[in-house]
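S.K.: Dropping the structure in here first, questions after.
The values are calculated or read from the model by the stated rules, or taken from the named source; none is laboratory data. Computed from a predicted structure; not experimentally measured. All Cβ positions, glycine included, derive from the backbone under ideal geometry; neighbour counts span all protein chains shown. Side chains included, ligands, DNA and RNA excluded: accessible areas come from the protein's heavy atoms. Shrake-Rupley method; radii C 1.70, N 1.55, O 1.52, S 1.80 Å.
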Amino acid sequence: MIVELDSVNKGYLDGDDGARREILIDVSLQVEQGERISVIGHSGCGKSTLLNLMGLLDVPDSGAIFLNGKDTLRMSEKESSETRANDIGFVFQQHHLLPQATVLENVTLPSLALSKKADPGIVKARALELLAEVGIVDHANKLPGKLSGGERQRAAVVRALINKPSLLLADEPTGALDSERSHELAGLLLELNRSEGTALVMVTHNHDIAAMMDRRLTIQSGTLQDDS
């Protein structure tokens, strides 16, 4: 088991009147190694909140979250940071590449946060291998501004995978791309999911892309429903 959410609840204060809005209500979920899951739902329903909780970027109001068997709520801030670096990869709608760094520098940057120092030569070799796999190794020494939007997202995917995470969280990774590029990137994520053995959880508004996954989950009125 890679991730397990057990009766998780999460809400936020909404507006100036101090009213509380419950976003996720009694959510339980198990994600197995190598599994591919899509999460859909209307804007503001809690999809990104769910990913943030799974990625240790936020904590639930109640319930429990386990990652690779470890109780994440009992982790110190340092342990949480190390776990994010070692075990979790993130891909967002925007690529968030550093404009002043080359593609190769961008994708190897997460290796600096590993709890055990990585060999730079090994990291570089893996980066070049992944860049070749996603079809942009010829752009390794270019700045992100010289790449197309789809190429920048491919670089972002490589950056997310550089530390060999057991879990890849993708939050609307195709949202800024046209239909053709969206399906290409989704297919690429699935190929890498198979080759890397990484569990993939993808938030998307695109029902065609959602249907490409093993399991299709919907968040509605704060609850998680399995539509597979």
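S.K.: When region 145-183 is examined, which residues are found to be open to solvent by 20 Å² or more (accessible area, probe 1.4 Å), farther than 21 Å from Leu114 by Cβ and hydroxyl-bearing (Ser, Thr, Tyr)?
M.R.: Ser148, Ser179
S.K.: Against the definition (over 19 Å from the mean Cα position of the chain (by Cα), under 19 Å from Gln30 (Cβ atoms) and touching a residue at least 12 places away in the same chain (Cβ under 8 Å)), how does Ser166 come out, yes or no?
M.R.: It is false that Ser166 is over 19 Å from the mean Cα position of the chain (by Cα), under 19 Å from Gln30 (Cβ atoms) and touching a residue at least 12 places away in the same chain (Cβ under 8 Å).
S.K.: Can you find a residue in region 124-139 that is touching a helix residue (DSSP H, G or I) at 6+ places or on another chain (Cβ under 6 Å), open to solvent by 30 Å² or more (accessible area, probe 1.4 Å), without any contact (Cβ under 8 Å) to a residue 24 or more places away in the chain and not in a loop (DSSP other than H, G, I, E, B)?
M.R.: Yes, some residue in region 124-139 is touching a helix residue (DSSP H, G or I) at 6+ places or on another chain (Cβ under 6 Å), open to solvent by 30 Å² or more (accessible area, probe 1.4 Å), without any contact (Cβ under 8 Å) to a residue 24 or more places away in the chain and not in a loop (DSSP other than H, G, I, E, B).
S.K.: Considering each residue of region 7-24, count those that are open to solvent by 70 Å² or more (accessible area, probe 1.4 Å) and touching a residue at least 12 places away in the same chain (Cβ under 8 Å), and give that number.
M.R.: So in region 7-24, the residues open to solvent by 70 Å² or more (accessible area, probe 1.4 Å) come out as 12-14, 16-17, 20-22.
Next, from what is left, pick out any that are touching a residue at least 12 places away in the same chain (Cβ under 8 Å): 22.
So the count comes out to 1.
S.K.: Could I ask something else about it? Name the residue that is surrounded by the most Cβ atoms within 10 Å (Cβ to Cβ), counting only residues in region 84-105 that are without any contact (Cβ under 8 Å) to a residue 40 or more places away in the chain and out of contact with any helix residue (DSSP H, G or I) (no Cβ under 7 Å at 6 or more places or on another chain). Spell out the reasoning first.
M.R.: Step one: filter region 84-105 for residues without any contact (Cβ under 8 Å) to a residue 40 or more places away in the chain, giving 84, 104-105.
Filter again for out of contact with any helix residue (DSSP H, G or I) (no Cβ under 7 Å at 6 or more places or on another chain), leaving 84, 105.
Numbers: Arg84: 20, Glu105: 15.
The selected residue is Arg84.
S.K.: Further question on the same structure: What pairs come up if the first residue lies in region 47-60 and is closer than 24 Å to Lys78 by Cβ and part of a loop (DSSP other than H, G, I, E, B), the second is open to solvent by less than 20 Å² (accessible area, probe 1.4 Å) and of a type in the set (D, E, K, R), and their beta carbons are under 6 Å apart, counting only those six or more places apart or on different chains?
M.R.: Note: pairs meeting the criteria are Pro60/Lys10.
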